[in-house]
Every structure is written in C-alpha cells, then in structure tokens.
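Everything on this sheet refers to the single structure shown next.
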Amino acid sequence: MSKHIGIVSVNYEGTALCYRSICEEGAAILGEYQHPQMTIHSFPLADYLPFISKLDWEGVAGLMLESAEKVARAGADFAISPCNTTHEAFEFVRSRSPIPWLHIAEVVGDAAVSRGQSKLGILGSRFLMEGNVYREVLSQRGIEAVIPETIERETINRFIFNELVTGILRDSTRDYVRGVVSHLSENGCDAVVMGCTEIPLILSQDDVEVPLLDSTRLLAKAALAEALRED
C-alpha cells in the first residue's frame, strides 16, 4: 500500500500541474490509471495574500497548518505544498504539523546536488526571490543562489500575479522570462530554478540553453517516491 499524499494548495494552477504530474508519473510506475491516494485542501490565494504582503509568515503558517490538519483527517500520511513563496513560513509549520512535510526547496536543492550544480538562478515571486527560502536551503548544500536585477524581479512578480496564477500564458511573457534566464546564465549560473510553480506552464527546457530545475515536477516526483517508499 502506498502512502496517502496531502496537498496543501495555495495557487490552483501550480497545484493542478503538480497533481497531474503525480498522476502521470504514478501511472508510468504503477500501471495504467494508477497513482497513490491524494487529498487536496485549498484556502483561496486571496486569504494568503494579506499575510504575504506584510511578510507575516506566522499568519501564512496558520493557514497552511489548517490545511494540513484537514488533509491529515482525510487520511494523508504526509503533506506537500506546490507553492514556493509560502515556504518562508516553514519554520512555523514543520514543528506544529500533525503530519510530516516535504519541503519544495529542499527537493530542488537535492536535485541540484545530484546534478553537480553549484550556482543557481532563482525565479519566482518577488517575496521568494528576495527572501531566504532558497538562499538558506542552497547554502546548506554548498550552492550559491543568485536572483535577477531589481526591475526584472518586479516585472516577473507582476507577470506571476497578473497572468500565470490565473492561467494567462502569453508569448511576450515567455520571451521576457527567457531573457532573464539568459542574464542569469551570463552571470555564471549553471542552472535556473523555476521557483514559481506556474512558470513551467510557460517555460520549458527547449526554450533556453541553461538547465532548468522545475520545482513543480521535482516536488511531484519526490512526493510519489515518498508515497511508494517502504518504511
């Protein structure tokens, strides 16, 4: 019997991609139409944004913990959240959660280590790029984190909240993000993290030359592996 995955959703497009990826990977491993049990709970992104905008990570953690309790009561053995930004609240979540969690940035950091990457560009919301989530996780693994220039951070943040989280995918936005990836590569990055779980909807490895670390699909793979792991 595989473990039951609890998904704490913050933004629906990223959650949908993560859920679909688990189902697709599950079928490839377990057989046609097979995947572990999953339960998703979601507060609206609108509930999170007032806390995020004030950098009130304990407030964010309160919502995440409520979701964790709901999926735990539904039978989930562990939880994931396909949202990078809210992992700023993880210090308040992990010790108070009724079930264990996988940390999205730790999953990405471990993937970078396995690939021998040492300097990662970070794309995501302004809160994520300017915050400590990836900087701390990567530093613990001997990896340097690099973020785009100020105007690039502001522009990407606007694209995320005005377009990507609601499924608006524009070629002009893809072209802009490709340009930012190119700048990070020129700055010595040997890979770039798609640290907003909606960025993989608009950017793929075929669009750029530098390797991409897809936080959404890496989290999905890690969740599936944990669900299938025998204790």
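The values are calculated or read from the model by the stated rules, or taken from the named source; none is laboratory data. Worth saying up front: this structure is predicted, and the values here are computed from it rather than measured. All Cβ positions, even for glycine, are placed from backbone atoms using ideal geometry, and neighbour counts span all protein chains on display. Quick note on the areas: whole protein, heavy atoms, side chains included, nothing else; ligands and nucleic acids left out. Shrake-Rupley method; radii C 1.70, N 1.55, O 1.52, S 1.80 Å.
Only helical runs count toward this figure. For the chain, summing -39,500 (n - 2.57) over DSSP H runs of n ≥ 4 and dividing by all residues gives -15500 deg cm²/dmol at 222 nm. Restricting region 21-71 to chymotrypsin sites (Phe, Trp or Tyr not before Pro) that sit in a DSSP loop and have at most 11 other Cβ atoms within 10 Å of their own Cβ leaves Tyr33.
What is region 129-231's relative contact order, in percent, from Cα pairs under 8 angstrom and six or more apart in sequence?
On the way: 75 pairs, mean separation 21.3, N = 103.
Relative contact order, region 129-231: 21 percent.
For the options Pro200, Pro44, Pro98, a Gaussian network treatment of the chain with springs between C-alpha atoms closer than 10 Å singles out Pro44 as fluctuating the most.
Once the 1.4 Å probe is applied to the protein heavy atoms, region 15-130 comes out at 44 Å² accessible per residue.
What shape does region 153-231 have by the C-alpha gyration tensor, where a ≥ b ≥ c are the square roots of the eigenvalues, rounded means a/c under 1.5, and otherwise prolate means a/b greater than b/c and oblate the rest?
oblate
Enumerate the lysines that Lys3 could reach by cross-link, defined here as Cα to Cα under 16 Å, with residues fewer than 8 away along the same chain left out. Of all the lysines, those that pass the test against Lys3 - Cα under 16 Å, at least 8 places apart if same chain - are Lys221. Remark: accessible surface ordering of Met38, Met194 (largest first) is Met38, Met194, probe radius 1.4 Å.
Assuming a ≥ b ≥ c are the square roots of the Cα gyration tensor eigenvalues, decide whether region 1-50 counts as rounded (a/c under 1.5), prolate (otherwise, with a/b larger than b/c) or oblate. It is prolate, given that a/c is not under 1.5 and a/b is the larger ratio. Given a cut-off of under 8 Å on Cα pairs at least six residues apart, what relative contact order in percent is computed for the chain? Across the chain, relative contact order equals 25 percent. Ligands, DNA and RNA aside, Ser2 has an accessible area near 50 Å² when probed at 1.4 Å. Couplings 3J(HN,Hα) of region 166-178, computed from phi: 10, x, 7, 10, 10, 4, 5, 5, 4, 4, 5, 5, 4 Hz, in residue order, whole Hz [Karplus 6.51 cos²θ - 1.76 cosθ + 1.60, θ = phi - 60°; x for Gly and Pro]. Using θ = phi - 60° and the Karplus curve 6.51 cos²θ - 1.76 cosθ + 1.60, what whole-Hz ³J(HN,Hα) does each residue of region 76-81 get, with Gly and Pro shown as x? So the J values, rounded to whole Hz, are 5, 8, 7, 10, 9, 9. Counting only protein heavy atoms and using a 1.4 Å probe, the accessible area of Ile29 comes to about 110 Å². You can think of it this way: the chain between Glu186 and Glu149 has 12.0 nm of extra reach, that is 0.36 nm per residue less the Cα-Cα gap.
List the GluC sites (Glu not before Pro) in region 1-74 that DSSP assigns to loop (not H, G, I, E or B) and whose Cβ has at most 10 other Cβ atoms within 10 Å. Which are they?
Of the GluC sites (Glu not before Pro), the ones in loops of region 1-74 whose Cβ has at most 10 other Cβ atoms within 10 Å are Glu32.
Pairing the Cα long axis of helix 215-228 with the longest principal axis of the chain, what angle in degrees results, from 0 to 90 and rounded to the nearest 10? With rounding to tens, the tilt is 20 degrees.
Suppose R0 equals 22 Å; then what is the FRET efficiency for Ile29 and Asp231 from their Cβ-Cβ distance, rounded to the nearest 0.05? The pair Ile29/Asp231 has a calculated efficiency of 0.75. Where is the GNM fluctuation largest for the chain (alpha-carbon springs, 10 angstrom cutoff): Leu219, Leu203, Leu45? Comparing Leu219, Leu203, Leu45 in a Gaussian network model of the chain, the most mobile one is Leu45. Pick from His103, His35, His87 the residue whose mean-square fluctuation is largest in a GNM of the chain, springs joining Cα atoms under 10 Å. Result: His35 has the largest fluctuation of those listed.
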